[in-house]
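Remarks on the structure that follows.
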Amino acid sequence: MAQAQTETNHGGPKEEESLTSRLPTREGWWKPFFLFQGFWFTPQMVRSTVLVQAQFRPRADDIILATYPKCGTTWLKALAFTVAHRSQHPVASHGHPVLTSHPQDLVPFLELPHRELHPIEELEALPSPRLLSTHLPCTSLPSGASTLGCRIVYLCREPKDVLVSMWHYTNKVRKDFHIDLGKAFEFFCEGVSLGGPFWEHCLGYWKWSMEEPGRVLFLKYDEMMANPAEHVKMLAEFLGVPFTEEEESAGVVEEVVRLCSFENLKSLPVNSTGVSDRVGGLPMENASFFRSGKVGDWKNHLTEEMARKLDCIVEEKLKGSGLSF
Ligand code: A3P
């Protein structure tokens, strides 16, 4: 997989400032976005990505959960953590970490909180094998992630639901700002959304998963919702911790599904109350990550014309790739 070249000497803040000043920029959802290595980011995200590329040291046994924002990251973090750590934390145990920690805190992001103020060394302290997450496109991952053989689980989602989820979330967490749906829709259709174009993000990981299926597991939120147990088994196989026959007959797979279900996670006090700042300078309610948890909620928000337009764009962009929604 080709890696993008970082166009910086990784110097101090001045160099990083001049980096963003050289990038193409345009109006974004709540502040200007900058085109960095082919994707739209905020300046903080650009600088954080540069630091990740320069300083993060991948290990061969790292597992990286990669998602485009609002594709089910929180769910995937809960599932992967529960599956990977079930010998240490039996799924039905009373003190299970999923009951007491927000899923976002169970699996740390590479690029968040923004690495300018939150040094990446904290990831170095984690024992192997590390479970990590990222919203970065695959071409912006630190080069070692592809050369060392880290495994990637990529989760994507039907684009109209992604747009609607992202629109709700943006207006919820950015208290001093409101974007109307029509404008968010136009931006999204032009490929301008945080970490977008959405389809390029998906296509990068899709092609990588075609080239190296043992390295990249490509999942779809909508299919996971339709058959969570099968996907939990697939995830366990991929993570190298398949369910034993005894576990299957004891119903452990179904317990994982139930523990990490939208209804269960949303109802837990750790997820339904309180405020946390996981981005760095953007405190948000823990409940912001749990909204409707449905497939097809776009029908309650987009007109048929909007739906047709976005469908056509995505179909055209994905043409010939074998990927469809
Ligand atoms: P909606 O806004 O459509 O409800 P992310 O975690 O990547 O930010 O994605 C958030 C989306 O995943 C939200 O979608 C949220 O409700 C949904 N979600 C959160 N936890 C979930 C779970 N356990 N199962 C299914 N969907 C979940």
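Laboratory data are not the source of any read-out in this text; all were calculated from the coordinates shown. Please read all numbers here as calculations on a predicted model, not as lab measurements. FYI the Cβ positions are ideal-geometry reconstructions off the backbone, even for glycines, and counts take in every protein chain you see.
Express in % the proportion of alpha carbon pairs of region 126-181 at distances exceeding 14 Å.
Counting every Cα pair in region 126-181, those more than 14 Å apart make up 69 percent.
Using only the Cα atoms of region 170-325, what semi-axes does the equivalent ellipsoid have when each is the square root of 5 times a gyration tensor eigenvalue? Give whole Å, largest first.
30, 25, 15
I'd like to know which of Gly182, Gly251, Val162 lies farthest towards the positive end of the charge dipole of the chain, counting +1 on Cβ of Lys and Arg and -1 on Cβ of Asp and Glu.
Result: Gly182, furthest along the dipole toward the positive end.
What is region 205-271 by shape, rounded, prolate or oblate, if you read a ≥ b ≥ c off the alpha carbon gyration tensor as root eigenvalues and call it rounded for a/c under 1.5, prolate for a/b larger than b/c, and oblate otherwise?
oblate
What does the C-alpha gyration tensor say about the overall shape of region 97-154? Classify as rounded when a/c is under 1.5, otherwise prolate if a/b is larger than b/c, or oblate.
Note, shape of region 97-154 comes out prolate.
If you filter region 109-184 for trypsin sites (Lys or Arg not before Pro), then keep DSSP loop positions with at most 13 other Cβ within 10 Å, what is left?
Qualifying residues, ordered by number: Lys175.
Along the charge dipole of the chain, Cβ charges K/R +1 and D/E -1, which of Leu110, Leu282, Met210 sits furthest on the positive end?
Among Leu110, Leu282, Met210, the one farthest towards the positive end of the dipole of the chain is Leu282.
What number do you get for region 176-217 when its Cα radius of gyration is normalised by 2.2 N^0.38 Å, N = residues?
Relative to the 2.2 N^0.38 Å estimate, region 176-217 comes out at 1.61.
Compute, for region 48-146, the length of the dipole vector about the Cα centre, with Cβ point charges of +1 (Lys, Arg) and -1 (Asp, Glu) only. Units Debye, rounded to 20.
280 debye
Classify region 77-232 as rounded, prolate or oblate from the Cα gyration tensor: take a ≥ b ≥ c as the square roots of its eigenvalues, call it rounded if a/c is under 1.5, otherwise prolate when a/b beats b/c and oblate if not.
The shape class here is rounded.
Seen from all sides and averaged, what is the projected area of the convex hull of the Cα atoms in the chain, in nm²?
Answer in nm², one decimal: 16.2.
Take the alpha carbon atoms of region 265-320, find their center, do the same for region 43-75, and report the distance between the two centers in whole angstrom.
19 Å
List the pairs from Lys77/Lys207; Lys233/Lys294; Lys233/Lys299; Lys160/Lys233; Lys31/Lys294; Lys172/Lys233 whose alpha-carbon separation is above 25 Å, in the order I gave them.
Lys233/Lys299; Lys160/Lys233; Lys31/Lys294; Lys172/Lys233
Using the Cα centre of the chain as the reference point, and only Cβ charges (+1 on K/R, -1 on D/E), how large is the resulting charge dipole? Debye, rounded to the nearest 20.
Magnitude of the dipole: close to 560 debye.
Roughly what % antiparallel, to the nearest 5, for the DSSP beta bridges in the chain?
30 percent
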